[in-house]
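Q: Submitted below is the structure of interest, expressed as structure tokens.
The values are calculated or read from the model by the stated rules, or taken from the named source; none is laboratory data. Bear in mind that the values here come from a model prediction, so they are computed numbers and not experimental data. Note that each Cβ is placed from the backbone with ideal geometry, even for glycine, and that neighbours are counted across all protein chains shown.
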Amino acid sequence: MTLAAQVARQLAARARWRPLEIVFWLAALASIFLLPSRHLILTEIAILGLFALSLDLILGYAGILSLGHAAFFGLGAYAAGLLAKYGLVGEPVLALFAAGLGAAALGFVTSFLLLRGSDLTRLMVTLGIALILREIANRYDWLTGGADGLQGIVIGPVLGAFAFDIAGHVAYVYSLSVLFLAFLAARRLMNSPFGLSLRAIKGNSLRASAIGIGVDARLVAIYTIAAGYAGIAGALLTQTTQFASLDVFSFERSADVLLVLILGGTGYLYGGLIGAVVFKLVQDALIDVTAQYWQFWIGLVLVLIVLGGERVKRLAAAAGGRIARLVGRRPKLDAKAP
Amino acid sequence: MLTILFDGIAYGMLLFVLACGLAVTLGLMNFVNLAHGAFAMAGGYVTVVLVNRLGVPFLAALPLAFLASFVLGALMERTLYVHVYAKSHLEQVLFTIGLVFMSVAAVDYVMGSQQQFVGLPAALQGRYDVLGVGIGKYRLLIIVICGALTAALQLILVGTRFGTRLRAAVDDRRVARGLGINVDAVFAVTFAVGSGLAGLGGALGAEILGLDPIFPLKFLIYFLIVVTVGGTSSITGPFLASLLLGIADVAGKYYVPKLGAFVIYTIMIAVLIWRPQGLFGRVTAR
Amino acid sequence: MPDLLSIEGLRAGYGEAVVLANVSLTIAEGSAIALLGRNGMGKTTLIDSVIGVTRRFGGTIRLAGRDITPLRPDRRAHAGIGWVPQERNIFRSLTVEENLTAVARPGAWTVPRIYQLFPRLAERRRNLGDRFSGGEQQMLAIGRALVLNPKILLLDEPLEGLAPILVEELLGALRRVFREGVSAIIVEQNARKVLDATDRAAIMERGAIVHEGPSRALAADRQLLETHLGVAGKSQGRRAPLP
């Protein structure tokens, strides 16, 4: 067998749908019909999941540490809001694309700032960009409403046919569909040679460039795509809530999405989605008890994840090794451990 | 005009005292401590409680604020931080963000979310008028205290064996260890002192910077700017960066209030792109 | 003579990689041993393992009868190990004098004695170490290890990249140090340079010691040199210094 054929077969094997994945999406589909009263929170979960998925693309696949991913989320949110408010694009799906493109454009431009430098530099640059955007949204209050937020947004019916309803049924089906399509695209991309080369870069960028992988071009590409995804997530939030505020750019949002992704695990695409489900359900449960101090528990979880991480990882590795021995296969690298 | 310069210098020196501990922890252990501001906040709140509720004189409360944050820093370092040094930057970031969130919520719970003011003695209020330049008494105090601290730090760093060992450890942690320097102990002391200084800065700065539970988040970016622009190979770098930042921020808010903090963030990103090792950091191929 | 350093069944490496398979080596008190071998055979890993900066998988290291394997690197240094690292690793933001005083411990080797040994360092005691030539950095690195007043010096390729005249100067200084009873391991790729400065020699190959004996005997044994170290007597291709 030639090398090319081997690679193609390996890629195909990676791309094959596993039963668990199908179950996951069937469950998501079922939630539309089985949990009609929970559609509001399910919508939030879908949006957060998409946002975390976009962070996974850069953190889990390219190893870029970002503390300002909310920049793109916020840009998408405001773009969708402004497009609707000023009647530029009335149809939500088109507006969604426009907002995603806008965020992707910002991602493309700013990605060049991240090619050099250490983790700390990247962290600072991403944080700085989010702060700058927030500052801009705050200053140009004649356009954005400043600290009061962007109000008076009226979103037209999806595809001109399905108007948003107060119970959020349309919003959920719409958000879930967007999430699913975005996920499909990301899955395809990550199982392509491009996705594999990203993993090589994350593993060792020096070696990757030595074997002829254009590191810079790939990082720019994935960062642009991830920014577009985050923009779409932000736009979804505006469209489903008919409101956008400065809060979309906040540091807490960037930090939260990091937590969501870490909760679910990086580098296998489902981490962001699973993390979003867990995060929102726990938040929903805790918010009744301690609404105001919810942040304390987020913080505690973060600290515990890091401090207990080694132990969890070792347990997972031990369990993985045992199962692998039982099945008689070599253990795979554990992708879930943070 | 000179008043703005004066205020800017006071602000900058305050930032230096707040952030210098972060510069050392970052340089020594390559550790990203985003929770540094929480120690500053602790000092600020200790002062508020001491002065406003217990009637301790302001100047007597300052050393206590240092002490409180020093002890807090030492405890946290020995119990929690030691487990995180060897971990990846991602984990360090998650861990310290977690601490920030916890401190914000905890302070909110205990003290409430409103802004706190420290009751300054009358002698520190008002301003002198020197040749037409308004000199705020309180800002003068800040400059005197922070200036003295900076000089003392420099003396310790250059003139004592501890300082020499600290610099050796920053230069090359592995070799310093192999040659008998107990880097962990050096670091623990530095961390505690840095936290204490942040606490003192928080106490002094409560009046100027505003003190509320989100203090660690609000000023995180300022601390990081000081460290990244100033570099971590000496304390002169962060000192100059703090002064520049202080003056630029005060002047910017006075002359171009429309732009707000925009200028500073942009400059920071430009510096990071232009010289990732910091404006005053030495170019070292490590 | 009693054993000063004895390494028994040492297995060590970095991360998951085992570089040293099973190393045993004994150094008598007052003896200087040349540790020879081609590039990548595990010489530096062995030195690093004695310092304590590698990962140990098994075996013990004893210094003057005391098991030092559980000790951290800084404790091992206090126990009597003086390290001269491969890249010299002068503390760049410290002056020459500070480089010495930062690590000095009480004993016969004081800072003034280092200046006697290497007068060049005395002339430049207030200069920063990073402006130095390779030879001067090497002198400083050796001086820095000596002021720890170690029982044994571990010199990792101290002659690498130095001009012949400097090699002679350094070897002369080292002989004087050895005469005062300091033991040493000198790692070197080029056997010729160090065999007449040491009294014993060991050869490493693929993470194990394959020969150990008197230096003089090895210097005369062309075949042994040929087998393990390549063309006897000729200088080999130097390892490129790390960036």
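Q: In the range B:212-226, is there at least one residue being more than 14 Å from chain A (Cβ to nearest Cβ), in a helix (DSSP H, G or I), out of contact with any Lys or Arg (no Cβ under 9 Å at 6 or more places or on another chain) and surrounded by 24 or more Cβ atoms within 10 Å (Cβ to Cβ)?
A: no
Q: Does the range B:195-205 contain at least one residue that is surrounded by fewer than 23 Cβ atoms within 10 Å (Cβ to Cβ) and out of contact with any strand residue (DSSP E or B) (no Cβ under 8 Å at 6 or more places or on another chain)?
A: Looking through the range B:195-205, none of the residues is surrounded by fewer than 23 Cβ atoms within 10 Å (Cβ to Cβ) and out of contact with any strand residue (DSSP E or B) (no Cβ under 8 Å at 6 or more places or on another chain).
Q: Could you list, in sequence order, the residues of the range B:91-131 that are part of a helix (DSSP H, G or I), touching a Phe, Trp or Tyr at 6+ places or on another chain (Cβ under 7 Å) and of a type in the set (A, V, I, L, M, F, W, C)?
A: Of everything in the range B:91-131, those that are part of a helix (DSSP H, G or I), touching a Phe, Trp or Tyr at 6+ places or on another chain (Cβ under 7 Å) and of a type in the set (A, V, I, L, M, F, W, C) turn out to be B:101, B:102, B:105, B:106, B:107, B:111, B:124.
Q: Something else: For residues in the range B:145-180 being facing chain C (nearest Cβ under 9 Å) and not in a helix (DSSP H, G or I), which is nearest to residue B:11 (Cα to Cα)?
A: It comes out as B:172.
Q: Please determine, by comparing only the residues of the range C:77-99 that are in a helix (DSSP H, G or I), surrounded by 24 or more Cβ atoms within 10 Å (Cβ to Cβ) and within 20 Å of the chain's Cα centre (by Cα), which one is nearest to the other protein chains (Cβ to nearest Cβ).
A: The selected residue is C:77.
Q: Could you check, for the range A:107-118, whether at least one of its residues is crowded, with 24+ Cβ neighbours inside 10 Å, more than 14 Å from chain B (Cβ to nearest Cβ) and under 19 Å from the mean Cα position of the chain (by Cα)?
A: The answer is yes; a qualifying residue exists.
Q: Please work out which one of (1) more than 10 Å from chain C (Cβ to nearest Cβ); (2) within 24 Å of the chain's Cα centre (by Cα) is the condition residue B:130 fails and give its number.
A: Status for residue B:130: all satisfied but (2).
Q: Name the residue that is nearest to residue C:230 (Cα to Cα), counting only residues in the range C:178-202 that are surrounded by fewer than 17 Cβ atoms within 10 Å (Cβ to Cβ) and in contact (Cβ under 8 Å) with a residue 40 or more places away in the chain.
A: The extreme case among them is C:192.
Q: Has the range A:160-171 got any residue that is assigned by TED's automatic domain parsing to the domain that holds residue A:228, touching a residue at least 24 places away in the same chain (Cβ under 8 Å), surrounded by 14 or more Cβ atoms within 10 Å (Cβ to Cβ) and part of a helix (DSSP H, G or I)?
A: Yes; the residues of the range A:160-171 include at least one that is assigned by TED's automatic domain parsing to the domain that holds residue A:228, touching a residue at least 24 places away in the same chain (Cβ under 8 Å), surrounded by 14 or more Cβ atoms within 10 Å (Cβ to Cβ) and part of a helix (DSSP H, G or I).
Q: Another question, if that's okay. Give the residue, chosen from B:256, B:283, that is among the aliphatic types (A, V, I, L, M), modelled with pLDDT under 90 and out of contact with any helix residue (DSSP H, G or I) (no Cβ under 9 Å at 6 or more places or on another chain).
A: Within the list B:256, B:283, the selection yields B:283.
Q: Right, here's the next one. Mind checking which residues of the range A:67-105 are crowded, with 24+ Cβ neighbours inside 10 Å and on the phi > 0 side of the Ramachandran plot?
A: none
Q: Tell me whether the range A:295-313 contains one or more residues that are more than 14 Å from every other protein chain (Cβ to nearest Cβ) and either assigned to a helix (DSSP H, G or I) or at pLDDT below 90 (or both).
A: Checked against the condition, which is being more than 14 Å from every other protein chain (Cβ to nearest Cβ) and either assigned to a helix (DSSP H, G or I) or at pLDDT below 90 (or both), the range A:295-313 yields no hits at all.
Q: Restricting the first residue to the range A:242-265 and requiring it to be closer than 18 Å to residue A:146 by Cα, which pairs with a second residue that is part of a helix (DSSP H, G or I) and of a type in the set (Ser, Thr, Tyr) meet a Cβ separation below 6 Å and a spacing of at least six or different chains?
A: Between residues of the range A:242-265 that are closer than 18 Å to residue A:146 by Cα and residues that are part of a helix (DSSP H, G or I) and of a type in the set (Ser, Thr, Tyr), the close pairs are A:244/A:78; A:244/A:238.
Q: Just a yes or no: is a residue in the range B:142-156 touching a Pro at 6+ places or on another chain (Cβ under 6 Å) and touching a residue at least 40 places away in the same chain (Cβ under 8 Å)?
A: No, because not a single residue in the range B:142-156 is touching a Pro at 6+ places or on another chain (Cβ under 6 Å) and touching a residue at least 40 places away in the same chain (Cβ under 8 Å).
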